[in-house]
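J.: Please see the structure below; I have some questions.
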Amino acid sequence: MGSEDSKPVRIGLLGRGTVGAAFADLLGERAGAVEAATGRRPEISGALTRGDGDFTAILESSDLIVELIGGTDPARQYVLEALRSGRPVVTANKQLLAQHGDELFAVAREAGVQLRFEAAVAGVIPIIRTIQESFGVTEISKVFGIVNGTTNFILSEMAASGAGYDEVLARAQELGYAEADPSDDVSGADAAAKMAILARLAFHTPVTLSEVTFEGIEGIQPDDLAYAKELGLSLKLLGVAERRDGGISVRVFPCFLYRGHPLSPIEGPFNAVMVEAPAITEVTMSGPGAGGVETASAVLGDVVSILAGDAPVHETRVELPLVGDVTSSFYLHLEVADQPGVLARLATVLGDHDVSVKSVVQRGMGDEARLVMVVHECLESRFAQALEALAGLDDLRSPPRSIHVIEEEY
């Protein structure tokens, strides 16, 4: 960047959609505050939109690039060119980082410039900066939380109103909490991209989006949430990255939490992330999920960090194996024939697969008979085998439904 502190910092803005426009407005409002904090006044020197602007010209007239166009093409090419030219880059592009993080970080290191991406994960919660800087030399054992506001809003509304998934999704779209095409959010893919980024930073090991297993919330039924209330549980779409058996496990899945869990009371379009390590026990941060203004605020925070000279390290220290089969507790919903011996036959199948029952709720009679159980921790593979065996019983009127349960309380 310019050698004289009095010179303005010229920002090339790629993308002027919801977030890009909010960032431009916020930069105009806060330019004086940024100058007071860093000694440099930022200004937008050029903007690239779908219908206007030339990237090469914008790059040449800028000191710093802010990428807010989304997707991987042409964003990857633009970010690589900017880094190779010696310009620091700020991005909110989680898909780009989750799929091409290794390449981008390597180029940033080689060029000796910063690549900042706080806005890519968890809205205004400074989880990236916390992991990189506050816990930079701490051996983190687990990072997990609610990293998608759309699904948290939907699940909160379903639990509060008793309405079905489709009805609540339509309401979320009307309120602007869900996109017209919500598939990335509700399938768990959006959260998976964010967890790939967090896992890489927390464990200093390469993790790509393709290595993260994820489940969505499309199959959640209102009666699952109603029974969960009786069992003292609340439902969240949880992202988990943790050390397991000498490697790491990175997953996204719907999950019931007991009331004593710090993430249990997080409702509506809010995010919350927990970091666990032997040296710190656990830290929880929560705040609004991604929206135009919230994301723009995180982007501006990264710009300020660059101007202040803070330099995070994106180094890969070790390659850790991915652990696929882990232990978990489960909620199990069974629609059963109301006749003698059913419970005993079900218990036998579960016992044959080393699955033990923690609690049972029985509701209805005759054709409405249902059994809802919570089982103790067991290997996910064993539970999957037990489900397959249960599905083959004549006692069941429909396939069994299951949801993960976190038994930990803090």
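J.: Output the residues belonging to the stretch 244-255 that are charged (D, E, K, R), part of a strand (DSSP E or B) and more than 21 Å from G188 (Cα to Cα). Steps first, please.
T.: Filtering the stretch 244-255 down to residues charged (D, E, K, R) leaves 244-245, 251.
Then keep just the ones that are part of a strand (DSSP E or B); that gives 244, 251.
Passing the criteria: only R244.
J.: Additional query: Which members of the stretch 331-350 meet the condition of being open to solvent by 40 Å² or more (accessible area, probe 1.4 Å) and not basic (K, R)? Break it down stepwise before answering.
T.: Taking the stretch 331-350 and keeping what is open to solvent by 40 Å² or more (accessible area, probe 1.4 Å), we get 338-340, 343-345, 347-348.
Hits for the stretch 331-350 are D338, Q339, P340, L343, A344, A347, T348.
J.: Here is a further query. Only one of (1) more than 25 Å from E276 (Cβ to Cβ); (2) among the aliphatic types (A, V, I, L, M); (3) touching a strand residue (DSSP E or B) at 6+ places or on another chain (Cβ under 7 Å); (4) open to solvent by 40 Å² or more (accessible area, probe 1.4 Å) is not met by A369, so which one is it?
T.: Among (1) more than 25 Å from E276 (Cβ to Cβ); (2) among the aliphatic types (A, V, I, L, M); (3) touching a strand residue (DSSP E or B) at 6+ places or on another chain (Cβ under 7 Å); (4) open to solvent by 40 Å² or more (accessible area, probe 1.4 Å), the lone unmet condition for A369 is (4).
J.: What's the total number of residues in the stretch 209-224 that are assigned to a helix (DSSP H, G or I), more than 17 Å from P400 (Cα to Cα) and either acidic (D, E) or open to solvent by 40 Å² or more (accessible area, probe 1.4 Å) (or both)?
T.: If we filter the stretch 209-224 for residues that are assigned to a helix (DSSP H, G or I), which is where we start, we get 209-211, 222-224.
Retained after the next criterion (residues that are more than 17 Å from P400 (Cα to Cα)): 209-211.
Those still in the list that are either acidic (D, E) or open to solvent by 40 Å² or more (accessible area, probe 1.4 Å) (or both) too: 210-211.
Summing the residues that are assigned to a helix (DSSP H, G or I), more than 17 Å from P400 (Cα to Cα) and either acidic (D, E) or open to solvent by 40 Å² or more (accessible area, probe 1.4 Å) (or both) in the stretch 209-224 gives 2.
J.: Still on this structure, I have one more. In the stretch 32-82, which residues are on the phi > 0 side of the Ramachandran plot and of a type in the set (D, E, K, R)?
T.: none
J.: Of the residues in the stretch 251-263, how many are at pLDDT below 95, open to solvent by 10 Å² or more (accessible area, probe 1.4 Å) and touching a strand residue (DSSP E or B) at 6+ places or on another chain (Cβ under 8 Å)?
T.: Qualifying residue count, the stretch 251-263: 3.
J.: Tell me which of these Y227 doesn't satisfy, since it passes every other one: (1) within 19 Å of T150 (Cβ to Cβ); (2) over 15 Å from the mean Cα position of the chain (by Cα); (3) open to solvent by 20 Å² or more (accessible area, probe 1.4 Å).
T.: That leaves (1) as the condition not met.
Here is a yes/no grid of residues against (1) acidic (D, E); (2) more than 21 Å from G292 (Cα to Cα); (3) at pLDDT 95 or above:
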site: M1; (1), (2), (3): no, yes, no
site: A57; (1), (2), (3): no, yes, yes
site: E67; (1), (2), (3): yes, no, yes
site: T91; (1), (2), (3): no, no, yes
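J.: Assuming R317 fulfils every condition listed in (1) open to solvent by 30 Å² or more (accessible area, probe 1.4 Å); (2) over 30 Å from E103 (Cβ atoms); (3) touching a residue at least 40 places away in the same chain (Cβ under 8 Å); (4) under 28 Å from the mean Cα position of the chain (by Cα) apart from one, which condition is it?
T.: Here R317 meets the rest and fails (2).
J.: Quick check on this structure: which one of I154, I248 is open to solvent by less than 30 Å² (accessible area, probe 1.4 Å) and either without any contact (Cβ under 8 Å) to a residue 12 or more places away in the chain or more than 26 Å from G136 (Cα to Cα) (or both)? Quick ask: steps written out before the conclusion?
T.: On the way: I248 fails: either without any contact (Cβ under 8 Å) to a residue 12 or more places away in the chain or more than 26 Å from G136 (Cα to Cα) (or both).
Result of the check over I154, I248: I154.
J.: Separate question: So which pairs qualify, if the first residue must be in the stretch 185-214 and in contact (Cβ under 8 Å) with a residue 60 or more places away in the chain and of a type in the set (S, T, N, Q), the second must be assigned to a loop (DSSP other than H, G, I, E, B) and open to solvent by 10 Å² or more (accessible area, probe 1.4 Å), the Cβ gap must be under 6 Å, and the two must be at least 6 apart or on different chains?
T.: From residues that are in contact (Cβ under 8 Å) with a residue 60 or more places away in the chain and of a type in the set (S, T, N, Q), the pairs are T205/V318; T205/E319; T205/L320.
J.: Would you say G86 is small (G, A, S) and open to solvent by 40 Å² or more (accessible area, probe 1.4 Å)?
T.: So G86 fails the test.
J.: For residues that are part of a loop (DSSP other than H, G, I, E, B) and among the aliphatic types (A, V, I, L, M), scanning just the stretch 264-293, find the one that is least open to solvent (accessible area, probe 1.4 Å).
T.: I266
J.: Still on this model: Quick check on my filter: what residues within the stretch 19-73 are within 22 Å of K94 (Cα to Cα) and surrounded by fewer than 16 Cβ atoms within 10 Å (Cβ to Cβ)?
T.: T49, R50, G71, T72, D73, listed by residue number.
J.: From A298, A290, grab the single residue that is modelled with pLDDT under 85 and within 21 Å of the chain's Cα centre (by Cα).
T.: Numbers: A298 fails: modelled with pLDDT under 85.
Exactly one residue qualifies, and that residue is A290.
J.: Could you tell me which numbered condition V375 fails, if it satisfies all but one of (1) in contact (Cβ under 8 Å) with a residue 60 or more places away in the chain; (2) assigned to a strand (DSSP E or B); (3) surrounded by 15 or more Cβ atoms within 10 Å (Cβ to Cβ)?
T.: (1)
J.: Moving to a separate point now. Those residues that are of a type in the set (A, V, I, L, M, F, W, C) and at pLDDT 90 or above, I need them from the stretch 326-346; list them, please.
T.: V326, F330, L332, L334, L346
J.: Further question on the same structure: Does R397 satisfy being in contact (Cβ under 8 Å) with a residue 60 or more places away in the chain and open to solvent by 60 Å² or more (accessible area, probe 1.4 Å)? Can you show your working first?
T.: Working: in contact (Cβ under 8 Å) with a residue 60 or more places away in the chain: yes; open to solvent by 60 Å² or more (accessible area, probe 1.4 Å): yes.
Answer is yes for this residue.
J.: Considering only the stretch 174-188, state which residues are open to solvent by 50 Å² or more (accessible area, probe 1.4 Å) and within 17 Å of F270 (Cβ to Cβ). Lay out the reasoning, then the answer.
T.: Just the residues of the stretch 174-188 that are open to solvent by 50 Å² or more (accessible area, probe 1.4 Å), to begin with: 174-177, 179-181, 183-184.
L175, G176, Y177 - these are the residues of the stretch 174-188 that are open to solvent by 50 Å² or more (accessible area, probe 1.4 Å) and within 17 Å of F270 (Cβ to Cβ).
J.: In the stretch 325-353, how many residues are in contact (Cβ under 8 Å) with a residue 60 or more places away in the chain and either touching a Ser or Thr at 6+ places or on another chain (Cβ under 8 Å) or over 18 Å from G364 (Cβ atoms) (or both)? Even if it seems obvious, please write down each step before you answer.
T.: Step one: of the stretch 325-353, the residues in contact (Cβ under 8 Å) with a residue 60 or more places away in the chain are 326, 328-337.
Next, only the ones that are either touching a Ser or Thr at 6+ places or on another chain (Cβ under 8 Å) or over 18 Å from G364 (Cβ atoms) (or both) stay: 326, 328-333, 335.
Result for the stretch 325-353: 8.
J.: Consider A384 carefully, then state whether it is surrounded by fewer than 16 Cβ atoms within 10 Å (Cβ to Cβ), at pLDDT 95 or above, in a helix (DSSP H, G or I) and over 23 Å from the mean Cα position of the chain (by Cα).
T.: Numbers: surrounded by fewer than 16 Cβ atoms within 10 Å (Cβ to Cβ): yes; at pLDDT 95 or above: yes; in a helix (DSSP H, G or I): yes; over 23 Å from the mean Cα position of the chain (by Cα): yes.
For A384, the condition - surrounded by fewer than 16 Cβ atoms within 10 Å (Cβ to Cβ), at pLDDT 95 or above, in a helix (DSSP H, G or I) and over 23 Å from the mean Cα position of the chain (by Cα) - is met.
The values are calculated or read from the model by the stated rules, or taken from the named source; none is laboratory data. Note that the coordinates shown come from a computational prediction; the quantities given were computed from them, not determined experimentally. We place every Cβ from the backbone using ideal geometry, glycine too, and count neighbours over all the protein chains shown. Accessible surface areas use protein heavy atoms only, side chains included; no ligands, DNA or RNA. Shrake-Rupley method; radii C 1.70, N 1.55, O 1.52, S 1.80 Å.
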